[in-house]
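Participant: Dropping the structure in here first, questions after.
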Ligand code: SIN
Ligand code: CO
């Protein structure tokens, strides 16, 4: 289901390959599965049809689709139908209702009161709830399994609920997606067509001519990976729920305009404060409406002086990609523990990043929820915190000898960016 504007021309896709179900995994793989950890890069995993993440990235990522039978055996939907409906009623949750009644597509945006949704007995409707990982730890834990892809690319976990015959029509997306069946059955059809023209006069992006090359019925635990711009459509066979793990790919034009904005904000485009346009040589004019050529020449020289390097680009990308979505609101504790109490509790149960927190780093800096800071003083623990999204109690105790570490973690805890305790 499209969430972002198109940014690339249409591409072709190779035929999908069905990979058999899981073999008995190694003990490391089993532990990772149990803890919802991402598999390590060279560890074959049922999640990817017994390919390792490295093999998957090399062979399929951004290249061709992959059907994985029983990627997560015995999976249960992270949220029940009623919990999903409740979420769709909240103001800060992006929810859409798509109906296909009497052959007519309709789209409505939430929030939805439970009585605003059609009856679950009615056929052919779908509720899409975006960013479920921001609101539910079980959904966040499921998203975490896909962290073999850099966090900078990870977008969100969307859950769709559909009644029999429900779907969003044949379409294409401009991002990579894993479609994980978590309840009931859905028939997916895909096509490697080049013609991506869309139907006119419908409120959804639906392909004018969809040509199906392959189709599969996905059951709970099955998963389909699709690269960007591959035509697809899924239709529920009975009531079903699908989790869609999506990856963002900002367009070149978005990156360029945001980067220039970042440069301007950080004062790198303005020269010294007193610098003004000057024209002591301006002659009197007979055509006052004409733009002076000297003005254009002088401003061109000023703009040509703007310089940036890779550090500026990294600083921009870190801040931009760790910026929470506009709808995100953190929940700071109403009555936060004192730093002393926080240290005692974290020493017993560890700390973790709040599910809404975005934390990236590079060699020089770290970027937390859009804010950049130097890595110099936190180098020995912050990369580990960002990669694992938690610090165990034992690790916290080791680090707590340094009061600058505990003060910073306490500050983040008071802001609602960090929570006490590791995920169960
Ligand atoms: C998708 O096609 O991208 C997801 C749609 C759905 O889950 O219904
Ligand atoms: Co889609």
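We did not get these values from a lab; they are worked out from the coordinates using the rules stated. Every value quoted in this text rests on a predicted model; they were computed, and no experiment measured them. Note that we place each Cβ from the backbone using ideal geometry, even for glycine, and neighbour counts take in every protein chain shown.
Participant: Which residue fluctuates most in the GNM of the chain (Cα springs below 10 Å): 231, 264, 314?
Facilitator: So, out of 231, 264, 314, the one fluctuating most is 264.
Participant: Principal axis lengths of the range 339-420 from Cα atoms, whole Å, largest first?
Facilitator: For the range 339-420, the Cα spread along each principal axis is 30, 24, 19 Å.
Participant: Quick one: go through the range 222-259 and flag any residue whose amide nitrogen is under 16 Å from the point 7 Å out along the Cα-to-Cβ line of residue 62.
Facilitator: 226-230, 247-253, 255
Participant: Let me ask something additional. Which FRET efficiency, nearest 0.05, do residue 106 and residue 217 yield, Cβ-Cβ r, R0 25 Å?
Facilitator: On the way: r = 27 Å, r/R0 = 1.06.
Using R0 = 25 Å, I get an efficiency of 0.40.
Participant: Follow-up. Need the C-alpha centroid separation for the range 334-370 versus the range 123-144, integer Å.
Facilitator: First find each Cα centre; the distance between them is then 24 Å.
Participant: Moving on. Going by how many other Cβ atoms sit within 10 Å of their own, how do 125, 381 line up, fewest first?
Facilitator: On the way: 125 23, 381 17.
The fewest-first ordering by Cβ neighbours comes to 381, 125.
Participant: For a quick check: sort 296, 177 by the number of other beta carbons within 10 angstrom, fewest at the front. If you can, show how the numbers build up before the last one.
Facilitator: Working: 296 9, 177 21.
Sorted ascending by nearby Cβ count, the order is 296, 177.
Participant: Taking Cα atoms of the range 66-181, Rg/Rh with Kirkwood Rh, to two decimals?
Facilitator: Numbers: Rg = 14.8 Å, Rh = 15.4 Å.
Expressed as Rg/Rh, it is 0.96.
Participant: Oh, and also: Please work out the Kirkwood hydrodynamic radius for the range 50-110, using every pair of different C-alpha atoms, and report it in angstroms with one decimal place. Write down the numbers at each step before the final one.
Facilitator: Values: mean 1/r = 0.0641 Å⁻¹.
Evaluated on the range 50-110, it is 15.6 Å.
Participant: Pick from 89, 267, 221 the residue whose mean-square fluctuation is largest in a GNM of the chain, springs joining Cα atoms under 10 Å.
Facilitator: Its mean-square fluctuation being the largest, the pick is 267.
Participant: Taking the simple approach of a point 7 Å from Cα along Cα-to-Cβ for both residue 403 and residue 290, what is their distance in nm?
Facilitator: 7.2
Participant: For the chain, take the convex hull of the Cα atoms, compute a quarter of its surface area, and give me that in nm², please.
Facilitator: On the way: hull surface 109.6 nm².
So the mean shadow area of the Cα hull is 27.4 nm².
Participant: Now, a different point. Please list, in order, the residues from the range 322-360 whose amide nitrogen is less than 12 Å from a point placed 7 Å along the Cα→Cβ vector of residue 395.
Facilitator: Inside the label zone: 350-353.
Participant: Sticking with this one: Among 334, 139, 293, which one shows the highest mean-square fluctuation when the chain is modelled as a Gaussian network with alpha-carbon springs under 10 Å?
Facilitator: Result: 293 has the largest fluctuation of those listed.
Participant: Right, here's the next one. Could you give P(r) for the range 27-247, binned at 10 Å from zero, as whole percent values over all Cα-Cα pairs?
Facilitator: 8, 34, 38, 17, 3, 0
Participant: For the range 182-280, what D do you get in µm² per second when you plug the Kirkwood radius from alpha-carbon pairs into Stokes-Einstein at 25 °C and 0.890 mPa s? Could the numbers behind the result be given before it?
Facilitator: Numbers: Rh = 18.1 Å.
The Stokes-Einstein estimate is 136 µm²/s.
Participant: Among 355, 153, 58, which comes first, second and so on when ranked by fewest other beta-carbon atoms within 10 Å?
Facilitator: Working: 355 19, 153 16, 58 11.
The order, fewest Cβ neighbours first, is 58, 153, 355.
Participant: In addition: Would you please state the base-10 log of I(q)/I(0) at q = 0.24 1/Å for the range 210-249, with intensities from the Debye formula using one equal scatterer on every alpha carbon?
Facilitator: The Cα Debye sum returns log10 ratios of -1.08.
Participant: What is the distance, in nm, between label points placed 7 Å from the Cα along the Cα-to-Cβ direction at residue 344 and at residue 113?
Facilitator: For residue 344 paired with residue 113, the spin-label model returns 4.7 nm.
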